[in-house]
Amino acid sequence: MKNIGIKVISAATGITLLAPAIAVASTSPADTSTNNESDSWTWTHVDASHPSGERTVANVQGDFGYTQDAITSNDRIAAVFNRGAAALCDAATELTIASPSDWAISVTGDVANAYSATLAELESDELTSTVMGCSCASNGVGGLAAINAEVTGVPLASVIEKAEPNEGVNVVTLVSEDGRQIKLPLAYVLQRKAVVASQINNESLSESVGGTNQLWIDSTAAKYFARNIVEIRLETMEDLPSDPGSEMPEEGEYVNRPNVGITGTKA
C-alpha cells in the first residue's frame, strides 16, 4: 500500500473510493485563484435519502490525497468494536477468550473430509498477515467505526480446501460459540481473501475486538465478521444468500460504503 495523490475535478455530492482497506483522507490546499471566497465549501458524502444542509459547487478543482498505510491502534479498536459493540451491532453476549491452541473449529457439511482442528493447528499449515479495513454497516460518514488493522490468521480458503467440498457446494455457514449463524455465498468469500484471524496488530483478539477468533472479509461490512467461530459448514443450496452490501437497507439504516473513512475535503 502507498500514499496516492489524485486530481479532483468537478466534485459533486461526494467522493467514492473503491479500495480493500479504509481510506484515511488528507487534503492539500486547492488552487482557488479562479474562485470567489464564497465558493469555498466543505464536501461530505450526502445520502440522497437523508436530506442535508450541505451545498454543492460545480467545477471544483483541487488536490486530494489519501493513505492506506495508516494502522488503527488496538486501544481505539477496543473502544469502538469491543466495548461499543453492544450499541453498534447488537452484540451483548460476552465473548470467551481462550488460547488458539485450545480453540477447536469443526469443518462439516457437504464435504468428503470433515474434520476438526485447533486454531494453532490450522495456522501451522498456513498463516497469513495483511492490512485490511473494517467498518460497521451502520457507521455514518465520518463515524468512528472505520479502522485499518494488520490481521493475522489462517486463510478461510485453505480451511475449506482441506475439507474437500463436494461439487456444487455454494454456501458457507459460520457458526459462532453463542449459536449465531452467518450464511454467505462461497464464491463471495473466496474472492475476498477472507481470514480467520487470531491476532490484530500482533496482539491477541482480546486486546482489540474481543474473543479468540474472528472472520475478516475484504471490502465487507463488519456485521458479517463472525467471532468465536466453532463450526464452518459447507452447503449446497438452491436459494443463495445475498452478497453482503447488495441488500436494501431498512428504514433509517445506512448502507455500508467504501468511503466511510473519508470525513471530508476542502477546496
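Region 202-244: which GluC sites (Glu not before Pro) are DSSP loop and have at most 14 other beta-carbon atoms within 10 angstrom? Don't skip to the end; give the middle numbers.
On the way: sites: Glu203, Glu207, Glu231, Glu235, Glu238; in loops: Glu238.
Sparse-neighbourhood loop GluC sites (Glu not before Pro): Glu238.
What nm value, rounded to one decimal, do you get for the distance between Glu238 and Ser116 when each label is placed 7 Å out toward the C-beta?
About 3.4 nm, to one decimal.
Using a basic spin-label model with each label point 7 Å from the Cα along Cα→Cβ, how many nm lie between Asn59 and Ser246?
4.2 nm
For every other residue with a beta carbon closer than 13 angstrom to the beta carbon of Thr173, add +1 if it is Lys or Arg and -1 if Asp or Glu, then tell me the sum. Each step should come with its number before you reach the end.
On the way: positive: Arg180, Lys183, Arg233; negative: Asp110, Glu231, Glu235.
Summing Lys/Arg as +1 and Asp/Glu as -1 gives 0.
Measuring from label point to label point, each 7 Å out along Cα→Cβ, what is the Asp178 to Gln191 span in nm?
3.1 nm
Among residues other than Ala163 whose Cβ falls under 11 Å from its Cβ, what is the net charge (Lys/Arg +1, Asp/Glu -1)? It would help to have the intermediate numbers written out before the result.
Numbers: positive: Lys162, Arg233; negative: Asp110, Glu161, Glu164.
Summing Lys and Arg as +1 and Asp and Glu as -1 gives -1.
In nm, what is the difference between 0.36 nm times the number of residues separating Asn166 and Asn202 and their Cα-Cα distance?
9.4 nm
Please list, in chain and number order, the residues 5+ apart from Val171 or on another chain whose amide H is under 5 Å from its amide H, with Hs placed from the backbone.
Residues meeting the criterion, in which the H sits 1.01 Å from N, are Leu186, Glu235, Met237.
So if we plug the beta-carbon distance of Ile97 and Asp125 into 1/(1 + (r/R0)^6) with R0 = 22 Å, what FRET efficiency do we get, rounded to 0.05? Provide the component values of the computation, followed by the final result.
Values: r = 24 Å, r/R0 = 1.08.
Efficiency for this residue pair is about 0.40.
Values in this text are rule-based calculations from the coordinates and carry no lab data. The structure presented is a predicted model; accordingly, all values stated were derived computationally and were not measured. Reconstructed Cβ throughout: ideal geometry from the backbone, glycine too, with neighbour counts over all protein chains shown.
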